[in-house]
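Below: one structure, written as structure tokens.
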Amino acid sequence: MGDLRLDSLRKEFDRGDIVAVDDLDLHIEDGEFVTLVGPSGCGKTTTLRMIAGLETPTGGTIEIDGEDVTDTHAKHRDVAMVFQNYALYPHKTVMENMAFGLRMSTDLTKEERRERVSETAEMMGIEELLDDKPDELSGGQKQRVALGRAIVREPDVFLFDEPLSNLDAKLRTTMRTEIQRLQNELGITAVYVTHDQEEAMTMGDRIVILNHGDLQQVDEPTAVYRNPVNRFVGGFIGSPSMNFLDVTVSGAGVLDGVDDPFSYRLSDAKAAPLETDDRLTLGVRPEDVRPADPEDDHAVTATVEVVEPIGSDNYLHLDVADEFIARVPADVDPDPGDSITVAFDEDRLHLFDSATGEALTEPAEPAATV
Ligand code: ATP
């Protein structure tokens, strides 16, 4: 069992000058895979280290299966952590590395420990590496061993701190699937820290987004993608990022660009809650912008600045706002300097309060693929 509850968890450094984690409330259910994501310095690692017992909270509590472990020594918490830099003992073999934690945390005999390591190694396809030392292994193999060392302890909670950052892109994808498979099979609660929103989206049952130590949103990946609660989440989740445009609301329910010759007519229903002269930020994802006919109700005509082909599609950088990208099919292939008309539907449009960044509306329909 590995139900994990954080209540008002707080960490300050430098006598309160730095608030690394700001009263975080989070409940992670037994067997759940939760990803913690956010920009550098947002408090992900500090949160994880507090759960592991490697960092003492300034305030708040940590419970595992209803037991308050806030003041429990790391050694006595039933958690295992996998680090980015593998943290293997260089002079020990893979077998010894994997068995070491068991020696510290269980009463198993040497024989039993070896048996448990062999079983885990087999499950992970690393049994032929058991006699090797870490410097004989590739990065991917090292990470598999580090993972095996955590799994063999059969912890209640698995903590991952950017475990795949040192691997190349292809291996990262393979290892992502591997970690998910193992976590599913073993049913262990997992908290996985990453700064890579794509990794967070693909791996998490739920995704927790932090910024400056503050919890922004917790939800299933598609929900966060479709209904970001604020501009920060809208911009952070999705790649390329959501386009933003400063607009004001005219009396007739039209959004007028503040700095751009842009206007967008809203339906009565969409315009109803808005007040004339409101300053808003309009957000639209590149994949929700489509080539359109100038007659289209929601047409925007702009000049193409750059065309970025990605094979299946082209990213068109348009001279709207500071940066505005449209993801269009590869056969839409204008030259820089060409004029193009694009549109996006109202149900794909996000509106944020310009001052607070809070979302004002939720798109009615599911947005396109992640
Ligand atoms: P990254 O992705 O860069 O690892 P992160 O989201 O994991 O970032 P943390 O490492 O948790 O962020 O750091 C959160 C904040 O706390 C940062 O401002 C960081 O500088 C600060 N911080 C972390 N550890 C310490 C420390 N030991 N002493 C002082 N400040 C710290």
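Some notes on this structure:
- Only one entry of 194, 189 meets the criterion of being crowded, with 22+ Cβ neighbours inside 10 Å, over 16 Å from residue 38 (Cα atoms) and either in contact with a Lys or Arg (Cβ under 8 Å, 6 or more places away or on another chain) or β-branched (Val, Ile, Thr) (or both), and that entry is 189.
- Residues of the range 61-79 classified as acidic (Asp, Glu) and open to solvent by less than 70 Å² (accessible area, probe 1.4 Å), total: 3
- Any hit, the range 130-142, residues being of a type in the set (A, V, I, L, M, F, W, C), assigned by TED's automatic domain parsing to the domain that holds residue 63, open to solvent by less than 50 Å² (accessible area, probe 1.4 Å) and over 29 Å from residue 30 (Cβ atoms): yes
- Enumeration of residues in the range 32-74 that are away from the ligand (no atom under 16 Å from the Cβ) and either part of a loop (DSSP other than H, G, I, E, B) or under 24 Å from residue 230 (Cβ atoms) (or both): 32, 65, 66, 69, 70, 71, 72, 73
- Among (1) among the aliphatic types (A, V, I, L, M); (2) within 16 Å of the ligand (Cβ to nearest atom); (3) in a helix (DSSP H, G or I) - the single one residue 215 does not satisfy: (3)
- Whichever residue in the range 8-20 is at negative phi and touching a Gly at 6+ places or on another chain (Cβ under 7 Å) and, among such residues, is nearest to the ligand (Cβ to nearest atom): 20
- The strands (runs of 3 or more DSSP E) falling completely within the range 267-335 that include 1 or more residues that are farther than 22 Å from residue 246 by Cβ map to 299-309, 313-318, 324-329.
- Test result for residue 5, within 11 Å of the ligand (Cβ to nearest atom) and not hydrophobic (A, V, I, L, M, F, W, C): no
- Residue within the range 302-318 that is in contact with a Leu (Cβ under 8 Å, 6 or more places away or on another chain) and at pLDDT below 90 present: no
- Filtering the range 263-285 to residues that are out of contact with any Ser or Thr (no Cβ under 8 Å at 6 or more places or on another chain) and in contact (Cβ under 8 Å) with a residue 24 or more places away in the chain leaves 264, 265, 266, 267, 274, 275, 282, 283, 284, 285.
- Identity of the residue in the range 160-183, in contact with a Phe, Trp or Tyr (Cβ under 8 Å, 6 or more places away or on another chain) and not in a loop (DSSP other than H, G, I, E, B), that ends up surrounded by the fewest Cβ atoms within 10 Å (Cβ to Cβ): 180
- Close pairs from the range 152-175: first touching a residue at least 12 places away in the same chain (Cβ under 8 Å) and not assigned by TED's automatic domain parsing to the domain that holds residue 201, partner part of a loop (DSSP other than H, G, I, E, B) and open to solvent by less than 10 Å² (accessible area, probe 1.4 Å), Cβ under 7 Å, at least 6 apart: none
- Scanning the range 21-31 for residues that are more than 17 Å from residue 157 (Cα to Cα) and surrounded by fewer than 21 Cβ atoms within 10 Å (Cβ to Cβ), we see that the one that is nearest to the ligand (Cβ to nearest atom) is 22.
- Any hit, the range 79-90, residues being modelled with pLDDT under 90, assigned to a helix (DSSP H, G or I) and assigned by TED's automatic domain parsing to the domain that holds residue 186: no
- All positions within the range 44-60 that are within 20 Å of residue 209 (Cα to Cα) and either among the β-branched types (Val, Ile, Thr) or open to solvent by less than 20 Å² (accessible area, probe 1.4 Å) (or both): 44, 45, 46, 47, 48, 50, 51, 52
- Residues within the range 241-261 that are in contact (Cβ under 8 Å) with a residue 12 or more places away in the chain and outside any loop (DSSP other than H, G, I, E, B), tallied: 10
- Within the range 222-275, considering residues that are of a type in the set (Gly, Ala, Ser) and touching a Gly at 6+ places or on another chain (Cβ under 6 Å), the one least open to solvent (accessible area, probe 1.4 Å): 234
The values are calculated or read from the model by the stated rules, or taken from the named source; none is laboratory data. Because the structure is predicted, anything quoted here is derived from the model rather than measured. Please note: Cβ atoms are built from the backbone with ideal geometry, for glycine as well, and neighbour counts cover all protein chains shown. Surface accessibility is based on the protein's heavy atoms, side chains included, excluding ligands, DNA and RNA. Shrake-Rupley method; radii C 1.70, N 1.55, O 1.52, S 1.80 Å.
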